[in-house]
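See below for the structure under consideration.
The values are calculated or read from the model by the stated rules, or taken from the named source; none is laboratory data. Just so it is clear, the model here is predicted, and its values are computed rather than measured. Please note: Cβ atoms are built from the backbone with ideal geometry, for glycine as well, and neighbour counts cover all protein chains shown.
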Amino acid sequence: MFNDLYAKDISQKVNTALETKQRKGEFIGAFPPYGYLKSPEDKHRLIPDPEAAPVVREIFQWRAEGIGINMIARYLNDRGTPCPAMHHYLNGYKKKKPEGTGAIWQGQIIKKITRYPVYVGHMAQGKTKKSLSDGIPLTNVDKKDWIIVHNTHEAIVSQEIFDKVQSISEQRCQEHRMLRGKYPSTENIFKGLLVCGDCGTKMSRYKNVSPAGTARYTYICRVYAENLSGQGCTKKCVGEPELIEAVFHALRVEIEAAMKLEDLLKRTQMKSGFKKKHEAVIGQIGAMKQKIGRNAAYRASLFESFSDHTITEREYVSLKQEYDRNAEAYGKELEKLEQEEKIYSKTITPQNQWITALKKYQAKETITRELLVELVDHIKVTGYNEIEIVWNFRDEFAMLEEKVVGI
C-alpha cells in the first residue's frame, strides 16, 4: 500500500515537472522529431538536421504541389532515403534496427510529418498522456489540447507553405468524408483476418465507386498498393463479394465434413474397442497417481531414516536424487496420460468443440463477423481472388480423424 502511494506521488511530481518544461518550450523527448537534432549545448533545444531537414522541405514542397502522400513515400523509397525510424537508428537514437514495413517510408509517415507544427518552429508536445498517479494509461491527446509554444527553434519550412499543405490536406479529407457520406460504409467483417501471402501485412479494405454510383469493396495489400519498395510484394487483391462467396462455400464443406464425422463418432463411441481403450487410460491414470503418492511418501521418510542412522548420508543423497528423478518422470507421464484421456472424453465425442462450433452456423445463409472470429484464424491472400483459409480447429480436426481411424 505504502509503495503504491509512494510510486503515485513520484509519478505526479515527475509529470508536473515535465509539463512545466513543455510549457516553457523545452524539448523533453527521447529522440528529436525527424529533420531535427538535439543541440549539443542544450539537449532541450532543437536544431535542424543537415541530413534530414532537406528531405522534410522536399516532402512539404511535393505535398504543396498536390502530390499524394503515398506517391511521396514511393519517391523516397525508390531513391533510397532512410525513413525516420531507420534515420534514428543510423544516428544512434534507437538501438533496434527497424525491419519490414517499419524500415520504409509509408503514406501515414508523410501525413504525420506534414501536419506537425514543429517544422515551422513551434514546439508541439503533450500529444500522448500517461499518468500512474491518476491511473491513466498511455492515450492520445486531442490536437486542440497539445502543448504548443511558438517560435522556440529554427523553422525548416515557411508558415506559408505549411498553411498551404494544411489546406490541401483538409480539402482531401473533406472530399473523402463527402464520398463516404454519400455511399454509406458497410461492416468490415474480415477486419484483421486477411493477410498478404508475401509480406504478412494485414490487408486493407478499399472502397471504389463506379460511374453508376455503386460502391464495391476490395481488399488489397497496403505494401503493394503504396508501392513500398524492397518488400517483394506482388499484386494480390480480392473483391469482397468474391471473398464472402468463397469463404461461405468453404464453410459449407467444413460443416458437411463435421456432420459426417459426428455420425462416425457416435458409432465409434458404441464400439467396445473405444470403451476398452478409454477405460485402460483411466486405469493407467489411477495407477500412476498411486505411484506418485508412494514415491512422495518414500521421499518424505528419507530424512527420518537418516536421522535414525538407518541409512548413511551417501545413501540419503542417492535415494533423494532417485526419488526426485522419479517424481519428475512420473509427473510427465501423468500429464501425458491425462492429455490422452482428454482426447477420449472431450475430442472423440459428438460434443467436440470443433463440431459444436460448426453446427452452430449450419443454418446460416451467409457469413457474419461473429462466425469468422470464432472459426477462422486468418485468411491468406495468395493472388488475384486466390485465398487460403486457416481454420481455428483444423489441427484438432486432423487429430480427430487420425484417432477415429485408429479405433
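The set of residues in the range 54-74 being over 24 Å from residue 171 (Cβ atoms) and surrounded by fewer than 19 Cβ atoms within 10 Å (Cβ to Cβ) consists of 54 alone. For the range 74-87, the tally of residues that are closer than 14 Å to residue 112 by Cα and assigned to a loop (DSSP other than H, G, I, E, B) stands at 1.
So that you can scan it fast, the table gives a plain yes or no per residue for (1) over 16 Å from residue 341 (Cα atoms); (2) assigned to a helix (DSSP H, G or I); (3) without any contact (Cβ under 8 Å) to a residue 12 or more places away in the chain:
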{"residue": "279", "(1), (2), (3)": "no, yes, yes"}
{"residue": "285", "(1), (2), (3)": "no, yes, no"}
{"residue": "290", "(1), (2), (3)": "yes, yes, yes"}
{"residue": "293", "(1), (2), (3)": "yes, yes, yes"}
{"residue": "296", "(1), (2), (3)": "yes, yes, no"}
{"residue": "301", "(1), (2), (3)": "yes, yes, yes"}
{"residue": "304", "(1), (2), (3)": "yes, yes, yes"}
{"residue": "309", "(1), (2), (3)": "yes, no, yes"}
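For the range 343-355, the criterion of being surrounded by fewer than 13 Cβ atoms within 10 Å (Cβ to Cβ), of a type in the set (Lys, Arg), modelled with pLDDT of 85 or more and part of a helix (DSSP H, G or I) is met by none of the residues. Counting the residues of the range 27-73 that are under 25 Å from residue 160 (Cα atoms) and part of a loop (DSSP other than H, G, I, E, B) gives 14. The residues of the range 218-233 that are at pLDDT below 90 and either basic (Lys, Arg) or touching a strand residue (DSSP E or B) at 6+ places or on another chain (Cβ under 8 Å) (or both), listed by number, are 220, 221, 222, 223, 224, 225, 233. Being on the phi < 0 side of the Ramachandran plot and at pLDDT 90 or above, is that true of even one residue in the range 171-188? Looking for residues that are on the phi < 0 side of the Ramachandran plot and at pLDDT 90 or above, one finds at least one in the range 171-188, hence yes.
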